[in-house]
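Right, one structure below, let's go through it.
The values are calculated or read from the model by the stated rules, or taken from the named source; none is laboratory data. Being a predicted model, the structure only gives us computed values, none of them experimental. All Cβ positions, even for glycine, are placed from backbone atoms using ideal geometry, and neighbour counts span all protein chains on display. Only protein heavy atoms, including side chains, enter the accessible area calculation; ligands, DNA and RNA are left aside. Shrake-Rupley method; radii C 1.70, N 1.55, O 1.52, S 1.80 Å.
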Amino acid sequence: DGGITQSPKYLFRKEGQNVTLSCEQNLNHDAMYWYRQDPGQGLRLIYYSQIVNDFQKGDIAEGYSVSREKKESFPLTVTSAQKNPTAFYLCASQAVSNQPQHFGDGTRLSIL
Amino acid sequence: SQELEQSPQSLIVQEGKNLTINCTSSKTLYGLYWYKQKYGEGLIFLMMLQKGGEEKSHEKITAKLDEKKQQSSLHITASQPSHAGIYLCGADLSGTYKYIFGTGTRLKVLA
């Protein structure tokens, strides 16, 4: 079945450590997105990519990095510079700009 | 302030009752998307509205986009416990790939 796969479902980070969240899609969508969801704040855009080898910062990019080397993959690295990384992270993909985004099941990141 | 305001923030209804959730923007909406989320899970796409005055239905859920394209409503008829969850509206305000989302409406349906 076509869809978006995020892994792992739960992730724990130690202080000073970088961690990478995986997002893979087999929908052949050009655009991919990373959002952060905190209680009561809805979704906030971290990074997005409209095409392979290109990506743009969203509203809260500080402390995060991404790469888009393949159309199917858009990994997100939460660096040690992100001081409050505990959140639910959602990846999405989109075929074209006037079509809905489709979401993965999310990764919950916690700090040890 | 939020660019996309949702109301109410939470709603508790008795099974069988109708309910409405609103999503209001201060800018013209190029596209308005409704999603449902169960706690700890991803967002499930419900409906997309793009034209002023457009109305779409899926099972017992109806969504409308007003003529000025600045407000949308989601109406559930004869609610069931399976309708419980968080409803979010998302919008394209600039005609680009960037979406913004409302803060969500948490719905609980009492059996």
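Within region B:81-96, is even one residue open to solvent by 30 Å² or more (accessible area, probe 1.4 Å), part of a strand (DSSP E or B) and out of contact with any His (no Cβ under 8 Å at 6 or more places or on another chain)? Within region B:81-96 (the criterion being open to solvent by 30 Å² or more (accessible area, probe 1.4 Å), part of a strand (DSSP E or B) and out of contact with any His (no Cβ under 8 Å at 6 or more places or on another chain)), the answer is no, since none of the residues qualifies.
Can you tell me which of A:112, A:76, A:90 is open to solvent by 60 Å² or more (accessible area, probe 1.4 Å) and in contact with a Phe, Trp or Tyr (Cβ under 6 Å, 6 or more places away or on another chain)?
Values: A:76 fails: open to solvent by 60 Å² or more (accessible area, probe 1.4 Å); A:90 fails: open to solvent by 60 Å² or more (accessible area, probe 1.4 Å).
The conditions single out A:112.
When region B:30-72 is filtered for residues that are surrounded by fewer than 13 Cβ atoms within 10 Å (Cβ to Cβ), in a strand (DSSP E or B) and in contact (Cβ under 8 Å) with a residue 12 or more places away in the chain, only B:58 remains.
Where residues in region A:97-112 are more than 9 Å from chain B (Cβ to nearest Cβ) and either assigned to a loop (DSSP other than H, G, I, E, B) or not β-branched (Val, Ile, Thr) (or both), which of them is nearest to the chain's Cα centre (by Cα)? Outline the logic, then answer.
Step one: of region A:97-112, the residues more than 9 Å from chain B (Cβ to nearest Cβ) are A:107, A:109-112.
Next, from what is left, pick out any that are either assigned to a loop (DSSP other than H, G, I, E, B) or not β-branched (Val, Ile, Thr) (or both): A:109-110, A:112.
Numbers: A:109: 12, A:110: 15, A:112: 21 Å.
Restricting to residues being more than 9 Å from chain B (Cβ to nearest Cβ) and either assigned to a loop (DSSP other than H, G, I, E, B) or not β-branched (Val, Ile, Thr) (or both), the top hit is A:109.
Please give the number of the condition residue B:27 fails out of (1) within 11 Å of chain A (Cβ to nearest Cβ); (2) open to solvent by 40 Å² or more (accessible area, probe 1.4 Å); (3) part of a loop (DSSP other than H, G, I, E, B). With (1) within 11 Å of chain A (Cβ to nearest Cβ); (2) open to solvent by 40 Å² or more (accessible area, probe 1.4 Å); (3) part of a loop (DSSP other than H, G, I, E, B) applied to residue B:27, the lone miss is (1).
Residues checked against (1) aliphatic (A, V, I, L, M); (2) within 14 Å of chain A (Cβ to nearest Cβ); (3) within 25 Å of residue A:37 (Cβ to Cβ):
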| residue | (1), (2), (3) |
| --- | --- |
| B:39 | no, yes, yes |
| B:51 | no, yes, no |
| B:57 | no, no, no |
| B:60 | no, no, no |
| B:68 | no, no, no |
| B:78 | yes, no, no |
| B:85 | no, yes, yes |
| B:89 | no, yes, yes |
| B:97 | no, yes, yes |
